[in-house]
Amino acid sequence: MKKGLVLEGGAMRGLFTAGILDVMLDEGIDVDGVVGVSAGAAFGINYVSRQRGRSLRYNQRFAKDWRYCGFRSWLQTGDLFGAQFAYHDIPHLYDHFDDATFESNPTEYHLVCTDVQTGKAVYKHLRRGGDETYDWVRASASMPMVSRPVPLDGRLLLDGGVADSIPLEYFEREGYERNIVILTQPRGYIKKHNKLMPLMRMSLHHYPEMVRALDERHVMYNAQLAYVRKREEEGKALVLRPKAPLSIGHVSHDPAEMQAVYDEGVALGREKAAAIKEFLQRS
């Protein structure tokens, strides 16, 4: 029976997920495959490369560096999170990404992007490290309106959470019968229609299917939450989520704020470590 790990996005809320993943590394908890969306993809890849603490480390180190994230980066490069600095300079020069461990780890790594021309999800199983993989991670995490579409495999790609925010059903189709699902919103959360849709329609008017997907995203997301609850009740999914809304925005330049959200993930990971092991060991 294949056992998987499903990681939703949430921008800087993803540091909560990173805290749980680091506890799983500490506890030697392995799965057969990981699928991440947006921040879940960006931070989940460090679980596969077994680099404990890396997700928090580079975010704190470059929190106030405009080349990493900020209005100046958006004005000068077209990307809120700098494409070259954040996704190439950091893993090559400043906080080395362990390509060798990533490639040798038998745990599969999948991520989700959205095709801006069709509004549909694009799933990618990545087996090798290097710049192309870093660009796939960038595409998955590129928020609409503040990011340029990323050209890969003949498509133009943006944030995977637009088309498939919680890809549990995808992983089940891939043969993963038992899954840990890490969410970044507390129990009872209901997603509402995006208030920024008028701006998004203007920004993405060349891509009407992407606009449609954004306009309907709350419907898709809430249906996925219902499916996750169903699988949880059936014992097919173990769901980990914050106990209350996380006190961080989509973007943060405050290392202490980042630390607090990460620490919440660590605390929950330690609290649930035995339950995670028991869930994965069931026949």
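The values are calculated or read from the model by the stated rules, or taken from the named source; none is laboratory data. Here the structure is a predicted model, which means the values were calculated and not measured. Note that each Cβ is placed from the backbone with ideal geometry, even for glycine, and that neighbours are counted across all protein chains shown. Surface accessibility is based on the protein's heavy atoms, side chains included, excluding ligands, DNA and RNA. Shrake-Rupley method; radii C 1.70, N 1.55, O 1.52, S 1.80 Å.
Within the stretch 162-219, the residues that satisfy the criterion of being in a loop (DSSP other than H, G, I, E, B) and under 16 Å from M143 (Cβ atoms) are A163, D164, S165, T184, K191, N194, K195, L196, L204, Y207. Hey, any hits in the stretch 101-114 for a residue that's open to solvent by 30 Å² or more (accessible area, probe 1.4 Å) and among the hydrophobic types (A, V, I, L, M, F, W, C)? No, because not a single residue in the stretch 101-114 is open to solvent by 30 Å² or more (accessible area, probe 1.4 Å) and among the hydrophobic types (A, V, I, L, M, F, W, C). Here is the figure for the stretch 138-161: residues that are open to solvent by 10 Å² or more (accessible area, probe 1.4 Å), aliphatic (A, V, I, L, M) and either under 19 Å from L225 (Cα atoms) or not in a loop (DSSP other than H, G, I, E, B) (or both) total 2. Within the bounds of the stretch 198-210, is there any residue that is of a type in the set (F, W, Y) and within 29 Å of G78 (Cα to Cα)? Yes, the stretch 198-210 contains a residue that is of a type in the set (F, W, Y) and within 29 Å of G78 (Cα to Cα). When we screen L280, L225, L268, L246 for residues that are in contact (Cβ under 8 Å) with a residue 24 or more places away in the chain and outside any helix (DSSP H, G or I), the only hit is L246.
Among what's in the stretch 8-35 and is acidic (D, E) and surrounded by fewer than 24 Cβ atoms within 10 Å (Cβ to Cβ), pick the residue that is nearest to P106 (Cα to Cα). Restricting to residues being acidic (D, E) and surrounded by fewer than 24 Cβ atoms within 10 Å (Cβ to Cβ), the top hit is D32. Where in the stretch 52-133 are there helices (runs of 4 or more DSSP H), lying fully within it, with 1 or more residues that are without any contact (Cβ under 8 Å) to a residue 12 or more places away in the chain and not basic (K, R)? It comes to 71-77, 99-104.
Of everything listed in (1) open to solvent by 10 Å² or more (accessible area, probe 1.4 Å); (2) over 20 Å from P255 (Cβ atoms), the single unmet condition for F97 is (1). Just so you know, in the stretch 189-234 the residues that are more than 23 Å from L7 (Cβ to Cβ) and of a type in the set (D, E) include one that is least open to solvent (accessible area, probe 1.4 Å), and it is D215.
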